1. Projected onto the charge dipole of region A:287-422 (+1 at Lys/Arg Cβ, -1 at Asp/Glu Cβ, origin at the Cα centre), which of A:Gly368, A:Gly322, A:Val421 gives the Cα projection farthest towards the positive end?
2. So how do A:247-254, B:92-99 stack up, highest first, on mean other-Cβ count within 10 Å?
3. Using DSSP H assignments, which helices in chain B have an axial alpha-carbon span of 18 Å or above and a mean Kyte-Doolittle hydropathy of 0.0 or higher?
4. Along the positive direction of the dipole of chain C (beta-carbon charges: Lys, Arg +1; Asp, Glu -1; about the Cα centre), which of C:Ser6, C:Ser224, C:Ile91 reaches farthest?
5. Identify the residues of region C:81-107 with backbone N under 16 Å of a label point that sits 7 angstrom from the Cα of A:Lys228 along the Cα-to-Cβ direction, or state none.
6. Can you find, among B:Gly28, B:Gln130, B:Ser229, the residue sitting farthest towards the positive end of the charge dipole of chain B, where Lys and Arg contribute +1 and Asp and Glu -1 at Cβ?
7. Other chains' Cβ within 10 Å of A:157-163 residues: what's the mean?
8. Which percent, nearest 5, of DSSP beta bridges in region A:38-178 are antiparallel?
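Values quoted throughout were computed directly from the atomic coordinates according to the rules given, and no laboratory measurement underlies them. None of these values were measured; they are calculated from a predicted model. Methodologically, a virtual Cβ is constructed for each residue, glycine included, from the backbone with ideal geometry; neighbour enumeration extends over all protein chains shown.
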Amino acid sequence: MRTFCFHESSCVRVVLSAAAAIMQIGILIFVPDAALAHGERNQEPFLRMRTAHFYDVKWSTNETPVNGEIVVTGKFRLFPIWPVNLPLPEAAFLGNGTPGPVLARTESYINGVPAIQSTKLELNRDYEFKTVLKGRVPGHHHVHPMINVMGAGPLLGPGNWLTVTGNESDFKLSIKTLSGETIDNLETWGLGRVFFWHGLWVAIAIVWLVWWLRRPLLLPRFRALTEKGGDRSQLVTSTDRLFGAGLLVATILIVFFGFQATDTAYPRTVPLQGSRATVEPLPEVPEQVKVAVNKSNYDVPGRSLRMNVTLTNNGSSSAQLGELLTSNQRFINHEVSQAMATVDPNYPKELLPPNGLKVSDSRPLKPGETKTVDIEAADAAWETERLSSLINDPDNTLGGLLFFYDEHGKRTISNVSGPMVPVFTDPDNRTAENPTGGAG
Amino acid sequence: MSITITHSAKSAAEDRTQPLGNFKLAAGVTLAVLALMVFWRIFQQVYAWSAGLDSTEPAFDAAWMTLLKVELSVIPLLWVVTWAYLWFTRDRNLGALKPREELRRYFNLVLFNFVYAFCVWFATSFFAEQDASWHQVVVRDTSFTPSHIVLFYGTMPLYVLFGVGSFLYAMTRLPKFATQISIPFVLAVVGPFLILPNLGYNEWGHAFFLMEEVFSYPLHWGFVVMGWSVLALGGLLIQIAMHMLEVIGRLSQEDQASVATQR
Amino acid sequence: MQGGTSVRLYGLEWPKESARISRVFDLLVAAILFLAVSGAFHLHYMLTAGDWDMWIDWKDRQWWVTLTPIMAITFPAALQYVFWTKFRLPIAATFAVVCLLFGQWINRYFGFHLWSYFPMSEVIPALLIPGALVLDVALLLTGNFLFTAMSGAFAFALLFYPTNWFWLAPYRLPVEVMGQLVSVGDYISYAFTRTALPEYIRLIERGTLRTFGGHSAIIASFFSAFVSILMYLAWWHIGMLLARVVTTPNALKHFMGLTDKDEPAEAAQKAIDGTSLQGRSVAAE
């Protein structure tokens with residue numbers, strides 16, 4: 001396991017006994033698995049809020065032995081109000097946001113199309129993905145589904161903690177080639193040949209170097225070249241030339257026959273495959289509820305996003321606002337049971353703000369009805385996930401998805417986006433550190 | 001402060017018992033540098049995974065920012081102390097320098113350059129390429145990521161210590177380097193040093209328009225050009241070779257004269 | 001010189017002690033050069049052709065084959081100038097690529113494998129030694145940088161692909177993954193994922209007009225060989241430039257407390273300009 005045990009008493013002992021600077025570092029040895037992400041919080045909020053929105057993400061299990069499988073499935077939508085400074089997803093790749101290759105990816109699909117190659121994706125369309133991961137390095141790993149977009153970089157889905165147990169040395173990734181070879185483990189495949197050829201050429205190079213280095217080297221040679229009386233013929237003798245010529249011939253012969261022998265040993269090879277996959281998006285579903293943002297504020301002391309929106313139900317069934325999804329945070333309206341039912345027990349708790357989504361009027365929106373409501377998403381996540389830094393960004397337009405449910409539990413999705421205005425002060429003296437206000 | 005090196009009145013014969021250069025000190029410093037490099041690498045192995053994946057975490061702050069602060073305070077302090085020592089203990093009577101002592105100082109200079117090259121290798125080879133692997137582990141991070149904190153703010157300031165130190169050693173203790181500034185020596189020291197300011201260009205590019213970590217991007221070529229200046233060590237080698245041959249020549253003349261006198 | 005107290009090296013008398021001193025100097029400088037060349041060449045190489053060198057799924061028949069020799073012939077050429085013209089040593093290219101390979105293997109194991117969990121099969125460096133040997137021998141036999149460029153630099157690039165095919169071929173065997181045809185190398189890098197180098201970012205052969213019977217590696221090798229000749233010529237002269245002994249008067253001299261009497265003896269000073277060792281004339285290049 002690559003994580004560390006937590007023993008409070010040991011921790012205290014270490015803290016007390018170590019010098020001040022060392023203490024600070026020493027503590028870490030006893031820190032349990034802190035919720036360490038891997039860099040995603042440094043992505044600017046507009047990038048996280050207005051690019052790829054992942055939803056319905058499920059992990060088949062949170063724990064697997066080495067060589068065991070974890071299947072990650074879900075969907076993502078590429079947000080239509082795409083940041084202007086990012087290139088469009090002309091080339092995208094279904095990535096795997098892991099802390100290094102701690103899990104091996106054996107399969108991946110976008111809408112059923114193998115995702116071993118990159119593909120073009122479309123904005124405002126939905127895609128279904130599936131990734132099969134195989135446990136490799138034991139430990140407790142934070143893993144995200146991810147879309148890499150050329151020029152925009154990695155766009156992360158929700159991260160979950162996956163545990164791999166067992167021994168790393170047991171890991172194997174086998175495959176049979178189309179030319180008939182059985183590869184026992186891709187981690188070590190071909191290495192014998194690599195070591196032999198690299199070793200052989202290094203040995204030959206060393207012979208060549210030692211041939212020259214064994215003689216008096218720098219000052220005597222320099223002096224012989226620059227001073228009268230120096231015998232240049234001794235610097236490079238005819239034996240040297242003969243040896244060099246022999247080496248030249250041997251080198252060319254080894255390369256030539258080595259190449260021939262390799263070609264004979266591996267007659268059927270293919271170049272690296274660089275084509276692009278073609279992936280059709282999921283069928284377009286008309287947006288049932290039109291969302292117009294009248295006003296949106298981020299309340300800095302209260303750590304909450306407040307929006308005043310006008311909702312228009314253009315569909316034939318009712319619609320009840322159940323969830324706001326932005327930057328992988330799922331603010332769920334606790335008053336809507338259909339929305340609550342969508343929460344998978346394996347879903348990471350840190351991505352489900354406990355207060356959820358407060359809606360001033362949660363009653364279903366009837367077909368054809370238009371209603372203006374206030375919605376509020378309040379949670380410390382705005383600070384801990386560094387989403388509130390939107391107020392420091394050159395682009396402060398926020399974005400997210402609103403999920404609506406009809407009486408039968410059928411879901412429709414609407415995009416929500418609008419400029420965000422921060423509120424820095426309030427009459428209750430609340431602060432970001434003390435969101436409830438009052439003394440202390 | 002004024003510390004002056006004086007030349008002992010030892011005879012040539014006595015001088016011969018002295019070692020050729022301060023090999024013990026060089027070996028000690030090399031081992032100390034090696035120990036530091038090993039420490040950095042172990043620190044990375046342990047804390048990069050447990051505390052280095054997310055720079056917004058308190059654990060990151062405790063381990064990595066602490067290391068960064070220590071590096072950025074201790075190494076510049078070493079600069080000041082070492083360079084000041086070399087400056088203030090300079091030889092103020094270079095005209096009276098005996099050939100054997102001069103030769104010994106040339107060996108010290110070569111040893112100084114050895115330690116410099118030792119640090120340069122760890123920075124520009126060992127920790128530099130390792131950075132490419134770490135960028136494939138984190139999704140995206142700040143300038144202060146475990147590989148950068150060791151590479152840019154640890155190993156590079158450390159080689160600057162020895163690069164400038166060796167230059168100052170030559171300038172303050174060897175007559176030919178004291179009277180004439182060696183341009184290849186300047187290049188071999190200043191070029192690698194400029195990799196540090198070039199970091200500004202690198203981070204500027206990564207902050208504003210390069211989201212993926214391709215090592216061969218032109219954004220990184222500033223480092224490359226600065227690295228070429230290490231080739232100027234060739235010019236320095238030629239210069240030292242010329243100087244040493246001249247000193248060896250004087251030394252053998254002096255020895256011959258000494259033998260003739262004894263007869 | 002007294003008999004028995006001196007040795008004759010390359011036609012010149014050396015006091016035995018001086019010969020011993022020069023051997024110590026040899027060893028120290030060899031160590032310095034090994035470290036410095038390994039560091040500087042590796043930095044140059046990793047930041048100009050490193051992505052192809054680092055990853056098994058970047059080693060394509062077009063860009064890898066084209067760029068690697070062009071970027072790798074630089075330091076060998078510059079060092080050949082110094083090693084050959086100043087010391088008559090035809091080992092610079094071999095020395096440089098061995099230094100490079102040393103840094104790479106150390107790194108791939110300690111950095112990529114032990115630290116970042118990439119399997120060794122994903123991160124094997126390219127082999128440049130045969131081409132470097134031929135480059136060195138070309139200089140040894142021709143003694144001329146122009147002929148070396150025309151023959152050795154050309155061969156340096158031409159030999160690159162066949163040299164590496166020895167070990168690379170097993171990674172180009174075809175496999176079927178999810179109903180797709182890919183090479184073993186493609187699959188290795190797909191399986192052991194990189195977060196910041198997705199598939200699309202690989203600069204690899206994506207398909208061309210087929211000439212030379214469809215062997216794109218041969219076309220790439222010939223083009224690379226042509227540019228390598230030019231690079232060799234350019235870098236030979238960069239080596240010449242950086243190996244020049246140029247000095248400028250120390251403006252701080254008086255500030256340092258030095259006076260004119262501290263000037264080195266005239267004979268000694270002349271050595272800088274290429275004169276006088278034991279009274280004999282020196283023709284420094």
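1. Of A:Gly368, A:Gly322, A:Val421, it is A:Gly368.
2. Details: A:247-254: 16.1, B:92-99: 18.5.
Per-residue mean Cβ counts within 10 Å order the peptides as B:92-99, A:247-254.
3. Numbers: long enough: B:23-51 (40 Å, 1.28); B:66-88 (33 Å, 1.46); B:99-121 (32 Å, 0.30); B:156-173 (25 Å, 1.11); B:183-208 (37 Å, 1.03); B:233-262 (42 Å, 0.48).
Those that clear 18 Å and a mean of 0.0 are B:23-51, B:66-88, B:99-121, B:156-173, B:183-208, B:233-262.
4. Checked the options; the winner is C:Ser6.
5. The answer is none, because no backbone nitrogen lies closer than 16 Å to the label point.
6. My answer, from the dipole projection, is B:Gly28.
7. Details: counts 0, 0, 1, 0, 0, 0, 0.
Partner-chain Cβ atoms within 10 Å, mean over residues of A:157-163: 0.
8. Details: 40 of 43 bridges.
The antiparallel proportion sits near 95 percent.
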